[in-house]
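Note sheet for the following structure.
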Amino acid sequence: MSARPAADEAPIAIIGSGVSGLAAARELMHLGFDATVYESSNQIGGMADTQRDPDGFIFDTGAHFITNRFATAIGIAPLCRTVHRYGETVWSDGRAYDYPFGLMRNPRYLRGAINARIRSKRSVETAADQFRSEYGSEIADEVALPLLEQWSGLPADRLSPAVADKLPGGILATLALKLSARATNRAVAIGYCREAPQSANVWHVYPENGIATICAALTTELGDAVQTGNPVERVLTTDGRAVGVVVNGREIPAAAVISTLPVPHLAALTDEESLQPFRELRYRAMVFVNIMLRGCDVMPDTLTWTPGVEFPCFRISETTRSMPWLAPTGSTIITADFGATVGDSTWTEDDQVLEEMVLKALCAIVPSARRDFLGSRVLRSAFAYPIFDLAYEETRLALGRGTGIERLLSVGRNGEFAHILMEDSYWRTLRQVRALAAQLNESVQN
Amino acid sequence: MISSQRALETQPACCCICGTRDAEPVGVGEDFEYRTSPDSFLAVRCTRCGVVYLDPRPSMNELETIYPDDYHAFAFDEARFGIVYKARSRLEARRLLKALSGLPSDARILDVGCGDGFHLDLLRQSGPNGWRLEGVELDHRAATIARQRGISVHQGRIEDADLGQSRFDAVMLIQTIEHLADPMRALKAIQRLLVPGGLLLIVTDNTGSLDFAIAKRRHWGGYHWPRHWYLFNASSLKELATRSGFETVDISTMTSPVNWTYSVRNALDDWGAPRRLVDFFSLESPVALAAFTVFDAFNTLARRGALLRAVFARAQSTEEPLES
Ligand SMILES: Cc1cc2nc3c(=O)[nH]c(=O)nc-3n(C[C@H](O)[C@H](O)[C@H](O)COP(=O)(O)OP(=O)(O)OC[C@H]3O[C@@H](n4cnc5c(N)ncnc54)[C@H](O)[C@@H]3O)c2cc1C
Ligand SMILES: [Zn+2]
């Protein structure tokens, strides 16, 4: 490693000990910088959390896969199991269609999609336009848009077209990856990562002891640089530059500040005028209703999209189809995802009522659901998905160019306000941290 | 993937030319050849210099583990490899003599990373009698074999070896530079050992090759997971040498069947192909080697051969040897 010029600078302050905060801290250490991670909660990990049931069921907050490449980068590959298969279906008119290509077996959808391809493109201003022009109005109106609306809690014509990120590589590449997954018996990661190339050699894996393994591994080298139970109360700035944080009422100088908080929270911790617009960015909350059942492979595939009005949730997954070890032998976990807003009727609904709602809808797909029911467990996540509301599109795009405050990074899924998974978050965070490190080195030399 | 084997201790790495970690992921693989650990490894490419390197890589105290006793560079003998040994010896002797053809008849030549002394032995047998040959080898097992062959070997790292200054007319790094922890430091040390104008011959796996382009995501033989720590193409190798005080005499690519053979073997092994098929692609298989030699000869014509072969000279302009 290049020797750091002797710096009398304060350590870099990192806010949050989720994947991004820990990855930032580890990279800074590798680059020869001092960093301190402040975490408000009494445990590390943030959203990458695993909960266990005494009966042997394992729940993550949401479904969690990582890739063999990410596992390798953070040194946990030997602790991971290969996921052999992963697939998505759409439940429509009482049957399952493989997603995305299986939908083309429906002649109406096929005709619509072909028409959309041939027709000259109209200008695209909203997510609704975007889906209609990509997939045709039939698929858009009956499948994609209802899902999108439940998922984000806004009508599709009020959402940015950026929510409809295209499959990286296009249709042919996607087909080739699907074939390679068959041939290699590995769940090749498709459309999962944009920061690093897709290939037949990048597939899903899952840490043996749950997703919490990731953050545990990232902290091993960090020692007491991670301070749990220490919320950051303010971020201090002077002349448009981050200079420190306030923790437990104490001002702590910092060479730079790296935040992994939801960006509106970061904005609320500073007095900087220029950050205040970020306070209007909003996130969709999510309620995950986990149903434990006897049996296995009861759903059509690992993930089933449920656009129909008869479903109170927008998707149902059976993660054990991909990762059988998440449930004891002979049983399975079905997870129904509900979009919500913190405090609304879904968010505050009684667990038993949610369980009953899911069981009732589930019977259309799994007729034996009630008979095989073993129990349920409801998890909630307040910051599940950034909402790409057109009302604040300019602000969202501005954030893409950085915080505008010198030596203040806002990284991670919620910090970047982006629909990115852990691996992308990881590469993006490393890139930004390395650039920050170079900048700090330069200013020491001058 | 979960195995009872012990995971390696690893450490972060950086680009050996610019010293930064500004890199993007390229490939992920495992020790397909020797299965010395349950780990998988990540190759990244420096976005500034194009050097491909392992990050993280095994710690120095894992060398005994990742170079097992039956490692081929320690155990490439005629008894086991038969006709392949003979063919390779003849070919390599010819190539070496060609590269070193301008040297005086009493030249001093140093082979860095001489392994079991294979190349020095070739020079002893087929070069001028007056050549004075020495080797440097880090691994004590290999150094012992080389000494048993009657070759003078300094055991240790080139940066640490006490070999004086401006003593050698030529230094060879034959399939060695990719194994080093700090190639720049090694080249600077070599630069000091050479007489002004003295030659440095480097042979290494070529990341500008067709086989790299095809297999770089995982199975490329040249990764030799996790033993190759830095991998070059013509321009990054030239940059490294220039920054270490060398002038470029010649850089070209060279035909070799080895990486092709291993790329196919690794893929078959990884995908669980029948053992007999996997084993057909090995250094003990003359048919596979011959076929890939012919094939790679065409790539070499297109300047995309499997190996890079570079000749550098200690820059005349630097009167004083470089600092480390
Ligand atoms: C439903 C769902 C499914 C997902 N599935 C996948 C998947 O399959 N694969 C995948 O790779 N990714 C998945 N993700 C994304 C992944 O969970 C996140 O990208 C990742 O966990 C985010 O990590 P982070 O470090 O950016 O943020 P967080 O994990 O949110 O970390 C922020 C941390 O900051 C702490 N904090 C908050 N306020 C303060 C304060 N004032 N002071 C100090 N600390 C504070 C919090 O306690 C938290 O620990 C999924 C996400 C969701 C919602
Ligand atoms: Zn570099």
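The values are calculated or read from the model by the stated rules, or taken from the named source; none is laboratory data. Predicted model, so just to flag it, every value in this text is computed and none were measured. Note that we place each Cβ from the backbone using ideal geometry, even for glycine, and neighbour counts take in every protein chain shown. Calculation scope for accessible area: heavy atoms of the full protein, side chains included, ligands and nucleic acids excluded. Shrake-Rupley method; radii C 1.70, N 1.55, O 1.52, S 1.80 Å.
One residue stands out in segment B:205-231 among those that are of a type in the set (Ser, Thr, Tyr) and not in a strand (DSSP E or B): the one that is nearest to residue B:253 (Cα to Cα), namely B:209. Here B:160, B:116, B:106 are screened, and the one residue that is without any contact (Cβ under 8 Å) to a residue 24 or more places away in the chain and either within 20 Å of residue B:243 (Cα to Cα) or part of a loop (DSSP other than H, G, I, E, B) (or both) is B:160. Every listed requirement among (1) open to solvent by less than 40 Å² (accessible area, probe 1.4 Å); (2) closer than 22 Å to residue A:428 by Cβ; (3) away from chain B (no Cβ under 11 Å) is met by residue A:210 save one, (2). Part of a helix (DSSP H, G or I) and either in contact (Cβ under 8 Å) with a residue 24 or more places away in the chain or within 14 Å of chain B (Cβ to nearest Cβ) (or both), is that true of residue A:47? When the stated conditions are applied, residue A:47 does not pass them. Set side by side, the residues A:21, A:87 differ, and just one is more than 8 Å from ligand 1 (Cβ to nearest atom) and among the small types (Gly, Ala, Ser), which is A:87.
Can you work out which of the residues in segment B:159-173 that are modelled with pLDDT under 95 and not hydroxyl-bearing (Ser, Thr, Tyr) is least open to solvent (accessible area, probe 1.4 Å)? By that ranking, first place goes to B:163.
Conditions tested, residue by residue: (1) in the same structural domain as residue A:426 (by TED's automatic domain parsing); (2) surrounded by 21 or more Cβ atoms within 10 Å (Cβ to Cβ).
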{"residue": "A:27", "(1), (2)": "yes, yes"}
{"residue": "A:37", "(1), (2)": "yes, yes"}
{"residue": "A:42", "(1), (2)": "yes, no"}
{"residue": "A:54", "(1), (2)": "no, no"}
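Count, please, the residues in segment B:1-34 that happen to be in contact (Cβ under 8 Å) with a residue 24 or more places away in the chain, surrounded by fewer than 17 Cβ atoms within 10 Å (Cβ to Cβ) and facing another protein chain (nearest Cβ under 7 Å). So the count comes out to 5. Just one of (1) under 30 Å from residue A:263 (Cβ atoms); (2) in contact with a Gly (Cβ under 7 Å, 6 or more places away or on another chain) fails for residue A:393. It is (2).
Quick check, is residue A:332 more than 16 Å from ligand 1 (Cβ to nearest atom), under 24 Å from the mean Cα position of the chain (by Cα), of a type in the set (S, T, N, Q) and open to solvent by less than 30 Å² (accessible area, probe 1.4 Å)? Judged against the criteria, residue A:332 is a match. Taken over segment A:182-200, the criterion of being in contact (Cβ under 8 Å) with a residue 60 or more places away in the chain and within 12 Å of chain B (Cβ to nearest Cβ) is satisfied by A:185, A:186, A:189, A:193, A:195, A:196.
If you check A:348, A:395, which single one turns out to be β-branched (Val, Ile, Thr), more than 16 Å from ligand 1 (Cβ to nearest atom) and without any contact (Cβ under 8 Å) to a residue 60 or more places away in the chain? Matching residue, one of A:348, A:395: A:348. Being buried (at least 20 other Cβ atoms within 10 Å of the Cβ) and not in a strand (DSSP E or B) is true of residue A:103.
Exactly one residue out of A:298, A:246, A:289 is in a strand (DSSP E or B) and open to solvent by 10 Å² or more (accessible area, probe 1.4 Å): that is A:246. When restricted to residues that are part of a strand (DSSP E or B) and either within 16 Å of ligand 1 (Cβ to nearest atom) or over 18 Å from the mean Cα position of the chain (by Cα) (or both), segment B:58-76 contains 0.
For segment A:231-255, the candidate set comprises residues that are over 11 Å from residue A:15 (Cα atoms) and in contact with a helix residue (DSSP H, G or I) (Cβ under 8 Å, 6 or more places away or on another chain); within that set, the residue that is farthest from ligand 2 (Cβ to nearest atom) is A:240. Of all residues in segment A:388-417, those that are under 24 Å from residue B:25 (Cα atoms), surrounded by fewer than 20 Cβ atoms within 10 Å (Cβ to Cβ) and either of a type outside the set (D, E, K, R) or within 14 Å of chain B (Cβ to nearest Cβ) (or both) total 2.
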